[in-house]
Amino acid sequence: MDWKPRFARTMQVVGLCIDPKKVGEVVSHLKPSHVLLDRAKLKHVINDPTNKAKKLVLLSDTLHSVSEITDVPAREYIEKLIGDGSATVRQGISVSVDWTHFTAKEILTELLGAGVEGTSFETIGHIAHVNLPDTQLHNAKLIGDVLLQKNSPRIQTVVNKVGSITNEFRTFPMEIIATSRSTSSGDGDDD
């Protein structure tokens, strides 16, 4: 299953249109309250495409209006900016995203539903080790692929524990559920 195309979309976010000289002040005031757009590989400050003399400070994609901000100091600060004319609110700013902008947990929740278990992992070198519960074994390849893709190049192989520790060396049987390494080519030259 190629899951990556499913995450290509355009989100509509709320932004504050401000003078570029106020960007540092506004961002430093709002950052601790977690109301800024916070997606990997996306900037929360962009040029205003309709007014080159202004910048847009993008708010979280979970917000549809300033009134939804639950952090009272952040909401009051934004309302003050609007009240004194330092900012205007812009609704429906289009932001294009794809799978690279989502966390592994967000991807797996969308693909497999809420309450996905077994997505945390331990690492040893380039190997990630998961303990999938029986309820997720049928999704092992998908879970492994998502974890591999979201943690590459640091992680190159994802394994799942398939049995118990039964010996003094504390080893356990496992299966490879995803790998970026090519399978044995038969030339006998392993890395």
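The values are calculated or read from the model by the stated rules, or taken from the named source; none is laboratory data. Everything quoted here is computed from the prediction, not taken from an experiment. We place every Cβ from the backbone using ideal geometry, glycine too, and count neighbours over all the protein chains shown. What goes into the accessible areas is simple: the full protein's heavy atoms, side chains included, and nothing from ligands, DNA or RNA. Shrake-Rupley method; radii C 1.70, N 1.55, O 1.52, S 1.80 Å.
For this structure, a couple of remarks:
- Protein accessible area in the chain, 1.4 Å probe - carbon and sulfur %: 51
- Calculated mean projected area of the Cα convex hull in nm² (choose from (i) 9.9; (ii) 15.9; (iii) 11.0), label: (ii)
- Ignoring the sites themselves, the chain has its longest run without GluC sites (Glu not before Pro) in a DSSP loop having at most 16 other Cβ atoms within 10 Å at 1-116.
- Dipole-positive endmost among Q156, L111, S33 within the chain (Cβ charges, Cα centre): S33
- Within straight-line cross-link reach of K55, lysines at Cα separation under 27 Å, skipping those fewer than 8 residues along the same chain: K21, K22, K31, K41, K43, K80
- Solvent exposure of the stretch 44-191 as accessible area per residue, Å², 1.4 Å probe: 60
- Environment charge of E79, counting only residues whose C-beta is closer than 15 Å and scoring Lys/Arg +1, Asp/Glu -1: -2
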